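Written out below as structure tokens is the structure these notes cover.
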């Protein structure tokens, strides 16, 4: 039988509100703990990631003509970029689950900035994404990928993926908030498939039908892949690209900024809306 | 009249809220002075949750005014959030963290320093009897423990007003009692509480004041005792050994009741509202005895929410025709003025009746 005593001390009310940084750090701490203490998530996503990389590398790879560079050198940059999308779709489910289970209501009933609550979540998820991308890249190395550019270029490529991940995280949070439950969020995350495959991530765009090419060439995943690939190969021409590396990097950063500018306010608005 | 020194902890006037086709709140008025435990009682869809969510600043009313501790909840939601603690229908705690970590997190978000958050978390864990489980992951907790932790999470900020939305729904009786006990202690320590419930006995156990809500409006308001005496009579309930005896039992009980008896064929029971409290039970026992029929149980009990509700509104809680096993059997007793409508929602009735507090011989 549980005994309940009320003499253990008095609870004092707080004299001030939690600051923005403390708020963000507190909710970020929760996301990180959840990730660390649910190792099956990490294991499953790593295995899935490795499996698809192996399939592309060894099953489809032989049939894809990538010009002067071997397919593995072409594939891994695109593969790392698209894993941003697949990781992000899990974030949508997590956000929707919080909404469904009343956790979001608890947070929203607290005297803290709702923007800070969201920012904490997005930053934590971006940090965890970086970890996942590092694992994916490592698997890329195992199957024979070697960056041809300088170490600085390689790091820049990795950093670019994280920036892009941060931007898209707002979109995935918004999807989770709009979906309202984990299943619906998973369903809405299916948009990840056309985004990843109708792009330059896995195959050169010029083999696609004429009507599809303009879409594939200009959508953000392609731009991001081209930037990362240019940096990884050390020369955009090797990836069959016109334009300098700087061109692709700037363009991909512009896309990142645009994505944040669109989705961050929408997500915050949706989160604040009662 | 309002005191200038201490405004009502809750002041809702003409509150309305519509979600699409559903009018969740339809001019709800409720004023609660500090130092009270108010239970908002009503069936599913009555607007209870919407009201709590408005108080918690999670829902913005379409119209009307809503003040919490004198602060306008629509204009200054951030100030209201400093005053309230919310525990919803779900245990909104993180499974992958320990009980202590959960409370620490919420305390930090309330604005406490790390040290103070740790102290508060320890205090609340002790208050809720979770000290032994404090450093275990919540995913190992039972449902009752999660709810208590959830209650704790709404306490670490030392709120003036605690909002509990159906705090015990889905809990087993023992966990329910433990949670009730915890809530009573809080009340004794001076926290104002507004809770919603579907159970009359829960309101009875915890609240000084019961507000019955239906279709987004307050339909009755008073102490639990007042409401019962105003709106519901005590009920004699007899459980037949053989259901074939039900019509005869109903006939015999018609004489002691002030209204016609109701037959609940599905559960082999006859109920009849009575006046005169405990003295009528003897008359009922004699009547059944004279009939020479075997009964499994006979008792006097307080009216259930169904019965109070029926008396207040003239209609049952859920006027939905279900394929209940009572249908068609309910009018077989032939007693005058016999009611049949309560039997259309036999499922609810049975659930609530089992929870009702027996006050006579059982």
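Each value in this text was obtained by applying a stated rule to the coordinates, not by laboratory testing. Note that the structure is a prediction, hence the values are computed from the model and not measured. So basically every Cβ, Gly included, is an ideal-geometry build from the backbone, and we count neighbours across all protein chains shown.
Need one word for the stretch B:132-174: rounded, prolate or oblate. Basis is the Cα gyration tensor (sqrt eigenvalues a ≥ b ≥ c); a/c below 1.5 gives rounded, then a/b vs b/c decides.
oblate
Take the Cβ-Cβ distance between residue A:254 and residue A:146 as r, set R0 to 30 Å, and report the resulting FRET efficiency rounded to the nearest 0.05.
0.55
With N set to the number of residues, divide the alpha-carbon radius of gyration of the stretch B:153-242 by 2.2 N^0.38 Å and report two decimals.
The reported ratio for this selection is 1.28.
Under the √(5λ) rule applied to the eigenvalues of the Cα gyration tensor, what semi-axes describe the equivalent ellipsoid of the stretch B:1-96? Give them in Å, descending.
Its equivalent ellipsoid spans semi-axes of 21, 18, 14 Å.
On the principal axes of its Cα set, how long, how wide and how thick is the stretch B:179-294? Give whole Å, largest value first.
Taking the Cα atoms of the stretch B:179-294, the three principal extents are 55, 29, 29 Å.
What three numbers, in Å, describe the spread of the alpha carbons of the stretch A:25-91 along their principal axes, ordered from the longest?
49, 21, 15
Provide the three semi-axes, in whole Å and in decreasing order, of the ellipsoid equivalent to the stretch A:93-211 as defined by the square roots of 5 times the Cα gyration tensor eigenvalues.
They are 32, 20, 12 Å, listed from largest to smallest.
Would you mind telling me which residue in A:139, A:55, A:221 has the biggest mean-square fluctuation in a Gaussian network model of chain A, where springs connect alpha carbons within a distance under 10 angstrom?
Its mean-square fluctuation being the largest, the pick is A:55.
Is there a simple number for the mean count of other chain Cβ atoms within 10 Å of the Cβ of residues in A:17-27, and what is it?
3
Which parts of the stretch B:272-301 would a label at residue B:242 reach, counting a residue when its backbone N lies under 13 Å from a point 7 Å out along Cα-to-Cβ?
Residues B:292-295 fall inside that zone.
Run the numbers for residue A:155 and residue A:244: contour at 0.36 nm per residue of separation, minus the present Cα-Cα distance, in nm.
Contour length minus the Cα-Cα distance gives 30.3 nm.
Taking every DSSP beta bridge that has both residues in the stretch B:136-266, what percent is antiparallel when rounded to the nearest 5?
Restricted to the stretch B:136-266, the bridges split so that about 50 percent are antiparallel.
Based on the alpha carbons, how large is the Rg to Rh ratio for chain A when Rh follows Kirkwood?
Rounded to two decimals, Rg over Rh is 1.05.
Share of antiparallel DSSP beta bridges in the stretch B:73-199, in percent to the nearest 5?
Roughly 10 percent of the DSSP beta bridges within the stretch B:73-199 come out antiparallel.
Given the rule -39500 (n - 2.57) for each run of at least 4 DSSP H residues, summed and divided by the residues of chain A, what is its mean residue ellipticity at 222 nm, to the nearest 500 deg cm²/dmol?
-23000 deg cm²/dmol
How do B:212, B:298 line up, fewest other C-beta atoms within 10 Å first?
Final ranking by Cβ density, sparse to dense: B:298, B:212.
What value does the stretch B:176-218 have for Rg/Rh, both radii from Cα atoms and Rh as Kirkwood defines it?
1.00
Can you give me the three principal axis dimensions of the stretch A:102-156 from its C-alpha atoms, in Å, biggest first?
Extents along the principal axes: 51, 22, 7 Å.
Per the Kirkwood formula on distinct C-alpha pairs, the Rh of the stretch B:69-146 is how many angstrom?
Hydrodynamic radius (Kirkwood, Cα pairs) of the stretch B:69-146 is 13.7 Å.
Dividing the alpha-carbon Rg of the stretch A:48-126 by 2.2 N^0.38 Å yields what?
1.66
How far apart, in nanometres, would the label points at residue B:74 and residue A:181 be if each is projected 7 angstrom from Cα along the Cα-to-Cβ direction?
Simple spin-label model gives 3.2 nm for this pair.
For the stretch A:152-239, what D do you get in µm² per second when you plug the Kirkwood radius from alpha-carbon pairs into Stokes-Einstein at 37 °C and 0.692 mPa s?
Approximately 228 µm²/s, per Stokes-Einstein.
Relative contact order for chain A: what percent, with Cα pairs under 8 Å and sequence separation of 6 or more?
Dividing the mean separation by the residue count of chain A yields 27 percent.
To the nearest 10 degrees, how steep is helix A:71-100 against the longest Cα principal axis of chain A, on a 0 to 90 scale?
20 degrees
Cα-based Rg of the stretch B:33-191 per 2.2 N^0.38 Å, rounded to two decimals?
1.03
Determine how many Å³ per residue the convex hull of the Cα atoms of the stretch B:233-291 encloses.
68 Å³
Please tell me the relative contact order of the stretch B:21-170 in percent, rounded to the nearest whole number, where contacts are Cα pairs under 8 Å and at least six residues apart.
Over the stretch B:21-170, the number comes to 27 percent.
Compute and list, largest first, the equivalent-ellipsoid semi-axes of the protein assembly as shown from the alpha carbon gyration tensor, each √(5λ) rounded to a whole angstrom.
60, 28, 22
Could you state the number of Å between the C-alpha centres of the stretch B:162-210 and the stretch A:98-131?
29 Å
Restricting to the protein assembly as shown, compute how many DSSP beta bridges are antiparallel as a %, nearest 5.
Percent antiparallel among DSSP bridges in the protein assembly as shown is about 65.
Would you mind giving the mean number of other chain beta-carbons within 10 Å of the Cβ of each residue in A:224-234, as a whole number?
For peptide A:224-234, the averaged partner shielding equals 0.
Can you tell me, using C-alpha contacts under 8 Å and at least 6 residues apart, the relative contact order of the stretch A:81-176 as a whole percent?
Value for the stretch A:81-176: 61 percent.
Under the Kirkwood approximation for Rh and a Cα-based Rg, what ratio Rg/Rh is obtained for the stretch A:37-172?
Result: Rg/Rh = 1.06.
Considering every pair of different Cα atoms, what Kirkwood radius, in Å, is found for the stretch A:130-178?
This gives a value of 12.3 Å.
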